[in-house]
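Visitor: Got a structure for you, written out below as C-alpha cells; questions coming shortly.
Where a number appears in this text, it was derived from the coordinates with a stated rule and is not lab data. This one's a predicted model, so the numbers in the text were calculated from it and none came from an experiment. We place every Cβ from the backbone using ideal geometry, glycine too, and count neighbours over all the protein chains shown.
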Amino acid sequence: MEENKNTNPTPAPKPQAKLNPDNKPSYIWIYIVMAVLTGILVFNNVFSEAESREVYRTEFDKMYIRGDISQIKTINGKKALIYILPDSFKKGIYDTFRKKKTILDEKNPVFFLQIASHSSFEQHIKELRKKNNLNEVELIPQTETGSLFSSLLSMFGPILLLIAFYIFMMRKMGGGGGGGFPGGGIFNIGKSKATMVDKDAESDINFSSVAGLDEEKQEVMEIVDFLKFPDKYTALGGKIPKGALLIGPPGTGKTLLAKAMAGEAKVPFFSISGSDFVEMFVGVGASRVRDLFKQAREKAPCIIFIDEIDAIGRARGKGLVGGNDERENTLNQLLVEMDGFSGDTGIIVIAATNRPDVLDDALLRAGRFDRQIHINRPDLNGREQIFNVHLSKIKKGADISAHELSKQTPGFVGADIANVCNEAALIAARKNKTEVNMIDISEAIDRVTTGLEKKNTIITPEEKKVIAYHEAGHALTSWYLEYAHPFVRVTIVPRSESLGHALYLPKEKYLTIKEEILDDICVSMGGRAAELIVFNKISTGALGDLDGVTRKAYAMVVYYGMSEKVGNLSFYKMSQNSYDKPYSDETAKLIDDEVRLISDEQFKRAVDLLSEKREQLDNLANLLLEREVLLKSDLEILLGKCPWDKVEGAIDVPVKIESIEDSAEETIDNEKSEDIV
C-alpha cells in the first residue's frame, strides 16, 4: 500500500532534548554536597596534618629556654602556634618531628600548644623569661572567625557525608533512575520486576519454533485457547485452569515453550524469575508478588510466567536457619494470590522448574497449579525435529541428514542440539568453508561431549602406553560383554581433561535391567584391570571411571532395590528431602558392604576376561599406539565380528582422521564414554 503524500508539507519541529523527561525533581545536589563535603574534609585534614604538631608544656619550655622560638601566635586564646628559627632547623633536634613535613619551613608553624587563655599563657612566658634571663619573643594574639565553622564542619561533616552516601546507595539498590525518589530508588524497591510483553507486540518465537514437544505443545495450546475463547469452555461449565507447572531436566525447552505461548496467545505476558522476588530487605518479596498480581488483574486476561520457581517455592520449615524467613514470606504471599482470585479473571500462572521434588506441597495442589506438564528428553523423532529447526538457521551441505544425526545423539536435549549446530558453524567458518558439512557436525558433537582436542599436550612414551592399555581394556570388555553398550570408537588423543576415551552408542530405551548395569560397571573397570594385568600397577587415570562405578553401584542398592541383602527398598525421595540418612547405621553399613561387593566382583570379572584375552589386549593396545584412533571396523578386523551383534544399522559418518591411512568411516556417539583422566 502506498503512503499518502502531503502536497504542502510542513516540517515537523525537532523534539527538544529534555534533561528530566519524567518531570521528576533532580537530586543532583546530593552528589554536589557529597563532593564538596569530601573535598573540605580531606583538605582540612591534610592542611591540619601539614600545619603543625601538638607539644606539651614541658617541651615548649625547653624550646623557649634554648632560644629556638622566633614567634608565637595565640588563636582565640585556645591554641598557640609556635614558629621555629631557621637556624634551629639545622641542629637536627626537630628532624624526627619534621621527617614527614616536607612542605614546612621557618615561615610555617611547626608546633602548637593548647592553652587556657592568652593572658595566662602570656604570664607564664614572662615568668619563664624572668627566671632564665631570656630575650623577649614576640607574642601575637589573633582571632579566627572561621574556627566555629571548622568545628561544626569537623563535627557534623562526616555525619552528613554518611547520610548522603546512604541515600545514594539506597537509590542504586532500589534500581531507581530518572533522577528522583518518587519514581524510583528505595521507594520503588517493592515494585515487581516482571517484564511485560504486550498483546500487540510481534514475537519471533511461536509454537512453530518449538520442536520435539508435540504432546507438551498440545497442553499449553489448550491453555492459550482458554484465554482466546473463554466462552467456549465456560458455556459448558468449565473453568480456566489457574496454573500450569512445566517440569523437566535443564535444556529441554521449558522457557522456550513459555516464550512461544507469549507469541501465540496475543495477550499480555508477564515474565519474571523466581530469584527476582527475593531481596535483602524483609517484606520486599511479598510486596513484589502483590504488585505483580495487581498489574496482572489490570491487564487480564494475561499470562504470568515464573521461571525457576524453586527459588521461592521450596518446602517450608525445612531450612537450616528456621522457618520464618524472607523466602517463605514470599511463598506464602504467592500461595494467597494464586488462591485469591477466581477462575474467571483470566489470569493463568505458568511456572518452570527442574527440581519439582523440593517444591512445597501447597504450591502443587489442585486449585493453584492445576496441571503439571512433564517435559522429558526428546526421543529419536523429537531430536530429528529439533535438528531440522536449528539446521535451518545455518548454511548446511547436502550430505547433512537430521535423521542420522538424531541417531548419533541419544540423551541430547534441545539446548545440546542447538549448541552442536552452533559449534559446527564455527568449525566450518574456522576452516574457511562456504557451508557446514557432516564432518563439521561430527567434530562439533565430539567437542561438546568430550571437549576440545589438545594436540600439543606432551605425554611421555611410558604414560602413552599406560593410556593405550587403559582404553584398550575398556574397548575389549565392551566388545565381549553381552549387555554392554555397543562400541563405537576408542582414542588416546587428549581432549579437555581426559587423556583418552572410549565411545559407545547406548540403545534408546526406558528400562534398564540389572545385568546391563553390572556389565556397564565391568566395562568401567576394564581400564584399571588392564593396567593391573600388564604393568602390575594402577594409576590415577581411573578417577572418572571409579566415580561412575560408585554412583551406579549405590543407585543399584539404595534406589533400585537390586541388592538381595538390602532388599526391595528405595530411599530415593527420602534421601533427597532429608539432611540425615533415612535409614539406621546398621543399614548404612550393609549398603556400603553391598556397594563394595558389587565393585569388587565386577573388577575381578574384568581382570578374568582381559587375562583370558591377553593376546588380543596387547594387539589392540599396540595398534592404538600406532594409529591413536580405532573405529568399530578396525576392531572387527582385529577381533572378529562382535559375538553379540549388538549394533543394529550402524551409523557411518565420514570423519577425516590423519593418523589412519585408509579412509575409514567412523561412527560417532556422544552420550557414553569411558575417559582416562
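Visitor: Please compute the length gained on full extension between HIS403 and GLN114, using 0.36 nm multiplied by the number of residues separating them and subtracting their Cα-Cα distance. Each step should come with its number before you reach the end.
Guide: Values: separation 289, 0.36 × 289 = 104.04 nm, distance 9.33 nm.
Value of the extension gain: 94.7 nm.
Visitor: Related question: From the phi of every residue in region 370-376, what ³J(HN,Hα) in whole Hz does the Karplus formula 6.51 cos²θ - 1.76 cosθ + 1.60 yield, where θ is phi - 60° and glycine or proline is x?
Guide: 5, 10, 10, 9, 8, 10, 8
Visitor: I'd like the Karplus ³J(HN,Hα) series for region 458-466: coefficients 6.51, -1.76, 1.60, θ = phi - 60°, whole numbers in Hz, and an x wherever there's a Gly or Pro.
Guide: With coefficients 6.51, -1.76 and 1.60, one gets 8, 10, 5, x, 5, 5, 5, 5, 4 Hz.
Visitor: What residues have an amide H closer than 5 Å to that of ILE347, excluding those fewer than 5 places away on the same chain, when H is modeled at 1.01 Å from N in the peptide plane?
Guide: CYS302
Visitor: Give, in nm to one decimal, the length gained when the segment between THR143 and ASP225 is fully stretched (0.36 nm per residue of separation minus the Cα-Cα distance). Let's see the in-between values first.
Guide: Details: separation 82, 0.36 × 82 = 29.52 nm, distance 8.62 nm.
Full extension of this stretch gives 20.9 nm more.
Visitor: Once you have the Cα-Cα distance between LYS395 and THR234, take 0.36 nm times their residue separation minus that, and quote the gain in nm to one decimal.
Guide: Values: separation 161, 0.36 × 161 = 57.96 nm, distance 4.83 nm.
That pair, LYS395 and THR234, stretches by 53.1 nm at full extension.
Visitor: Considering amide H positions built from the backbone, and no H for Pro or chain starts, which residues 5 or more places from GLN372, or on another chain, come under 5 Å of its amide H?
Guide: Correct list: LEU245.
Visitor: If you don't mind, another one. Which whole-Hz ³J(HN,Hα) couplings does region 600-605 yield from phi under the Karplus relation 6.51 cos²θ - 1.76 cosθ + 1.60, θ = phi - 60°, glycine and proline marked x?
Guide: Listing the rounded values in order: 5, 5, 6, 5, 5, 5 Hz.
Visitor: Can you give the net charge of the other residues whose Cβ lies under 10 Å from the Cβ of THR255, counting K and R as +1 and D and E as -1? All intermediate terms of the calculation are to be shown ahead of the outcome.
Guide: Numbers: positive: LYS254, LYS259; negative: ASP307, GLU308.
Charge balance in the 10 Å sphere: 0.
Visitor: I'd like to compare 443-453, 533-543, 619-629: which one has the highest average count of other Cβ atoms within 10 Å, and what's the full order after that? Write out the running numbers ahead of the final one.
Guide: Details: 443-453: 19.6, 533-543: 14.8, 619-629: 18.1.
Packing order, densest peptide first, comes out as 443-453, 619-629, 533-543.
Visitor: If you don't mind, there's one more thing I want to ask. Once amide H atoms are built 1.01 Å from N in the peptide plane, which residues 5 or more positions from ILE84, or in another chain, come under 5 Å H to H?
Guide: Placed amide hydrogens put SER70, VAL110 under 5 Å from ILE84.
Visitor: Further question on the same structure: For the peptides 458-464, 595-601, 286-292, 473-479, what is the packing order when you average, over each peptide's residues, the other Cβ atoms within 10 Å and list the highest mean first? Please report the intermediate quantities before stating the final value.
Guide: Working: 458-464: 10.6, 595-601: 16.0, 286-292: 20.7, 473-479: 29.3.
Ranked by mean Cβ neighbours within 10 Å, highest first: 473-479, 286-292, 595-601, 458-464.
Visitor: I want to check the label-to-label distance for ASP61 and GLN372. Put each point 7 Å from Cα in the C-beta direction and report it in nm to one decimal.
Guide: Calculated label separation equals 9.1 nm.
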